[in-house]
Amino acid sequence: MFCPFQLSKDGVEMQFATNHLGHFLLTNLLLDTMKATAKSTGIEGRIVNLSSVAHHHTYPKGIDFDNLNDEKIYNDKMAYGQSKLANLLHAKELSRRLKEEGANITVNSVHPGLIMTNLMRHSLFS
């Protein structure tokens with residue numbers, strides 16, 4: 001959270017890789033099993049993405065895919081907000097697709113609230 005610029009081993013800006021791509025991949029790896037389980041048991045599946053009110057504080061264009069890894073324009077707070085906006089947009093689109101498909105799975109994105117923890121270690125506010 002609000003960390004200095006760095007790239008993941010895959011060459012993606014670290015906050016976006018950690019906060020969005022990792023969760024996106026995990027969700028997609030589990031999705032077929034979730035669909036099958038919800039269908040066979042009749043119990044609704046639930047996907048909950050942890051987002052943040054910080055999704056309001058992104059780069060001017062929102063998610064700037066063309067400059068995702070550009071260290072020159074990197075802003076730790078906007079990069080964090082961008083990653084959290086990606087969580088929200090993914091939840092919304094996945095929910096739409098699952099509903100259209102008739103899958104018995106809900107998708108939500110939540111803001112957990114604010115608390116001063118070690119997550120703020122890279123921030124001027126800590």
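Coordinate-derived values only; no laboratory data. Note that the structure is predicted; figures quoted are calculated from it, not measured. In this analysis, Cβ positions are derived from the backbone assuming ideal geometry, glycine residues included, and neighbour counts consider all displayed protein chains.
List of remarks:
- Segment 15-122 - Debye-derived log10 I(q)/I(0), Cα point model, q = 0.14, 0.16, 0.20, 0.21 Å⁻¹: -0.62, -0.77, -1.03, -1.10
- In this simple spin-label approximation, L89 and L25 carry label points 7 Å from Cα along the Cα→Cβ vector, and these lie 2.0 nm apart.
- For the chain, the longest principal axis of the Cα atoms and the long axis of helix 76-101 meet at an angle of about 10 degrees.
- Loop exposure criterion: trypsin sites (Lys or Arg not before Pro), DSSP state outside H, G, I, E and B, at most 11 other Cβ atoms within 10 Å. Applied to the chain, the longest stretch between such sites is 62-126.
- Additional length obtainable on full extension of the chain from V48 to K72, 0.36 nm per residue less Cα span: 5.3 nm
- Number of Lys pairs (Cα under 22 Å; 8 or more positions apart or on different chains) in segment 15-122: 10
- Among beta bridges that DSSP assigns inside the chain, antiparallel share in %, nearest 5: 25 percent
- For the chain, the relative contact order works out to 36 percent when only alpha carbon pairs closer than 8 Å and six or more residues apart are counted.
- Within the chain: Cβ-based charge dipole about Cα centre, in debye rounded to nearest 20 (Lys, Arg +1; Asp, Glu -1): 340 debye
- CD proxy at 222 nm, helix term only [per DSSP H run n ≥ 4: -39500 (n - 2.57); per residue of the chain; nearest 500]: -13000 deg cm²/dmol
- Degrees, to the nearest 10: 22-41 long Cα axis against longest axis of the chain: 10 degrees
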